[in-house]
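Take a look at the structure set out below.
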Amino acid sequence: MSGFWPIFKRELFAFFVTPIAWVQIFVFCLVQGMHFYLVIDHFASQPELAGDQTPLQAFFGNTVLLYIVLFLLVPPMTMRLFAEERRSGTIETLMSAPVSTPAVVLGKYLSALTVYAAMWLPTVAYLVILRRTGVVDWHAVGASYLGVVLVGAGYLSVGTLMSAITRTQFLALVGTAFVLLVLFILGVGEFVTPAGSTLHDICAHVSVWAQMNDFASGIVDSRRLVYDATLILLPLFVTTRVVDAWRWG
Amino acid sequence: MISVSHLVKHYGSHVAVDDVSFRVEKGQIVGFLGPNGAGKSTTLRILSSFLGMTSGKVEICGHDIEESSLEARRSVGYMPEAVPLYPEMRVVEYLTFRAELKGVARSKRRGHVDDAMEKASVFDVANTLIGKLSKGYRQRVGLADALVANPPLLILDEPTAGLDPNQIRQVRELIAGLSGEHTVLLSTHILSEVEQSCDRVILIAKGKLLAEGKTADIRKMRRPTALDVTVRGDAQAAARVLRGIQGVAKVKEVAAKQPASASFQATWTKKLPDAEIEGTIEAAVSALVGAGLGVREVRPVGSSLEDVFAELTRGAPPDPAEREEPS
């Protein structure tokens, strides 16, 4: 893993020295704040709902707001990673340095994942707020954050691959958004296909919606973990092959 | 230091480098010379492990670049032609990052970065954003990057391209200062560049190796072809005098270089032996003076790089493969 640390640090630096990371975190906090406000307002006005589910469950699952945020924020986080280096030619100095390809890919990917995790950090404040007025199920909270990180990790992995196979940041952005949209629509298919059909099973398997509902209720299903691990590892593996293939271009 | 044997690189059906073999010994400054599109950059990119080769064998400091790629890359400081840099970083940040990437130990990093900035004279812009630097400074930051891990071998792709004459001189001085400690392989398409800064020359054109040798040997191939003369006085008389000199093939009047004078280019005949050229120049000048003309400027003109290449390609023994009838 020669070269992992310097690349990881430089990518983090590039995120935070340019406005990207700050705009992202700002937009994320704004949208999630509104999201949280809506959920709490809803529960406060209809106390009879409280027996059915908790506000946190509604925050992490059940509503479409979570996916809109991911859909909008993940593609711009990863679009730069390789496309920018290839456009400006810095890929030449990077790859002629003594670095291994997995170190380059992981360094870049994990820097995006770190920014993603940092983006979620302020939402811990919501737990503190809820803790003051009621009971928080910490197991469900742990499962929810695990789910959020796993889903995001998978999406970022897709974005990393897109950045490696396209020449411009814009194409990487569009490509990533397209794949995420397809995955989301497939997931929605769970509700419209007849139960028991193969298509229904496939849709249920890839449904990020169903996954977040499970995780938000504190259910960590190993099938979901396998799916997430696939969505993380497969694009990363293909990315290392793509980066290696550039040498033969 | 570098040992290249039978290097071949194809881009699809296009052959960029065709069976090139050469060696570069320790401590030398070697010029990699060829016209645009000759395969210089491709070869250097292969040597720096950025590109893979189609076939052949390359060893850098004893490390095979395919089998022990990381060791080979560790012994090379490579500066690509376009000098790509990260615009959002400051010079010192960038060089520190590069030093870490190239495996310079934390305790030595600061010293290495300072040394590289010193050698490439970029100390005064250490805290400037790279995106705000001028072309000359960017070039020198690229050089500092190549130097920062203090590698035994430097591979510089057109290190003086796009610089003004003053900056070119500075870069040349810098490269000259590196000999001894480092081995340098630099590419260029300017013949005079090689003559000024290199010990040895490797000539390449259309992907093929044309010649390899000491700079002095290559210089001999650059035969004087003509004489530029500027005189004050009767232009027609001057042309007549020049035409009368033994060894002059033709005289062409060119745009006057100075006011109230006339300029000519007298081309030597092909038969004139190189050893007699100096004597012929003396004869021409004394004839002009004798005819009452004021000689203001006399300048021998050497053959261009293109001429040298034409000479070499014509003089080279035909390739046995090419002699066979195409099937």
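What follows is calculated from the coordinates using simple rules that are stated; it is not laboratory data. Note that this is a predicted model, so its numbers are computed, not measured. Counting neighbours? That spans all protein chains shown, and the Cβs are built from the backbone with ideal geometry, glycine included.
So what is the diffusion coefficient of the stretch A:62-155 in µm² per second by Stokes-Einstein at 25 °C and 0.890 mPa s, using a Kirkwood Rh over Cα pairs?
Estimated diffusion coefficient is 155 µm²/s.
In a Gaussian network model over chain B where Cα atoms closer than 10 Å are linked, find which of B:R232, B:R223, B:R138 has the largest mean-square fluctuation.
Looking only at B:R232, B:R223, B:R138, the biggest GNM fluctuation is shown by B:R232.
Starting from the Kirkwood Rh over alpha-carbon pairs, what translational D in µm² s⁻¹ does the protein assembly as shown have by Stokes-Einstein at 4 °C and 1.567 mPa s? Present the calculation step by step, with values, prior to reporting the outcome.
On the way: Rh = 28.7 Å.
The calculation lands on 45 µm²/s.
Restricting to Cα pairs below 8 Å that are 6+ residues apart, what does the relative contact order work out to for the stretch B:2-221? Please round to a whole percent.
Worked out over the stretch B:2-221, it gives 30 percent.
If I fit a long axis through the Cα atoms of helix B:106-119 and take the longest principal axis of the Cα atoms of chain B, what angle between them do I get, 0 to 90°, rounded to 10?
The angle comes out at about 10 degrees.
Output the relative contact order of chain A, whole-number percent, from Cα pairs under 8 angstrom with separation of 6+ residues.
Once divided by the residue count of chain A, the mean separation gives 28 percent.
Can you compute the equivalent ellipsoid semi-axes for the stretch B:224-306, i.e. the square root of 5 times each eigenvalue of the Cα gyration tensor, sorted largest first and rounded to whole Å?
Details: eigenvalues 81, 41, 21 Å².
Listed largest to smallest, the semi-axes of the stretch B:224-306 are 20, 14, 10 Å.
Can you compute log10 of I(q)/I(0) for the stretch A:4-248 with the Debye formula, treating each Cα as one identical point scatterer, at q = 0.08, 0.13 Å⁻¹?
Relative scattering, expressed as log10 I(q)/I(0), comes to -0.34, -0.84.
Given charges of +1 on the Cβ of Lys and Arg and -1 on the Cβ of Asp and Glu, with all other atoms neutral, how large is the dipole of the protein assembly as shown about its Cα centre, in debye to the nearest 20?
Roughly 1300 debye for the protein assembly as shown.
In debye to the nearest 20, how big a dipole does chain A give about its Cα centre with +1 on each Lys and Arg Cβ and -1 on each Asp and Glu Cβ?
The calculated dipole for chain A is roughly 840 debye.
Around B:A262, what is the net charge, scoring Lys/Arg as +1 and Asp/Glu as -1 over all other residues with Cβ under 13 Å from its Cβ?
Working: positive: B:R232, B:R240, B:K252, B:K257, B:R296; negative: B:D228, B:D234, B:E253, B:E297.
Taking every other residue near B:A262 into account, the sum is +1.
Among B:G136, B:P224, A:H200, which residue has its Cα positioned farthest towards the positive end of the charge dipole of the protein assembly as shown, with +1 placed on the Cβ of Lys and Arg, -1 on the Cβ of Asp and Glu, and the dipole taken about the Cα centre?
The residue sitting farthest along the positive end of the dipole is B:P224.
Among A:T123, A:F13, A:A112, which residue has its Cα positioned farthest towards the positive end of the charge dipole of chain A, with +1 placed on the Cβ of Lys and Arg, -1 on the Cβ of Asp and Glu, and the dipole taken about the Cα centre?
The Cα lying farthest towards the positive end belongs to A:F13.
Hey, in the GNM for chain B with a 10 angstrom Cα cutoff, which one of B:D124, B:D64, B:D199 fluctuates hardest?
Maximum fluctuation in the GNM of chain B, among the listed residues, is at B:D124.
For chain B, give the magnitude of the charge dipole about the Cα centre (Cβ charges: +1 Lys/Arg, -1 Asp/Glu; no others), in debye to the nearest 20.
640
Which helices of chain A meet both criteria: a Cα extent of 24 Å or more along the helical axis and a mean Kyte-Doolittle score no lower than 1.6, with helices taken as whole DSSP H segments?
Helix filter hits for chain A: A:169-192.
Rounding to the nearest 10 and keeping the result within 0 to 90°, find how far the Cα-based axis of helix B:305-315 lies from the longest principal axis of chain B.
Value to nearest ten degrees: 90.
How far apart, in nm, are two points set 7 Å out from the Cα along the Cα-to-Cβ line at B:E71 and at B:E181?
With each label placed 7 Å out from Cα toward Cβ, I get 2.5 nm.
Using Cα centres only, tell me the gap between the stretch A:171-203 and the stretch A:126-159 in whole Å.
23
Regarding the stretch B:129-230, what's the average projected area of the Cα-atom convex hull, expressed in nm²?
9.3
Which residue, chosen from A:S45, A:T160, A:F215, occupies the Cα position most advanced towards the positive end of the dipole of chain A, where the dipole is computed from +1 (Lys, Arg) and -1 (Asp, Glu) charges on Cβ about the Cα centre?
Value: A:T160.
When N is the residue count of the stretch B:2-221, what does its C-alpha Rg come to as a fraction of 2.2 N^0.38 Å?
Here the Cα radius of gyration is 0.99 times the empirical estimate.
Run the numbers on the stretch B:111-202 and let me know its relative contact order in percent, using alpha-carbon pairs under 8 Å that are six or more apart.
27 percent.
To make sure I understand the rule: partners must be aspartates and glutamates, Cα under 14 Å from the Cα of B:K270, and not fewer than 8 residues away in the same chain. Which ones qualify?
Counting by Cα, and skipping residues close in sequence, B:K270 has these aspartates and glutamates nearby: B:D307, B:E311.
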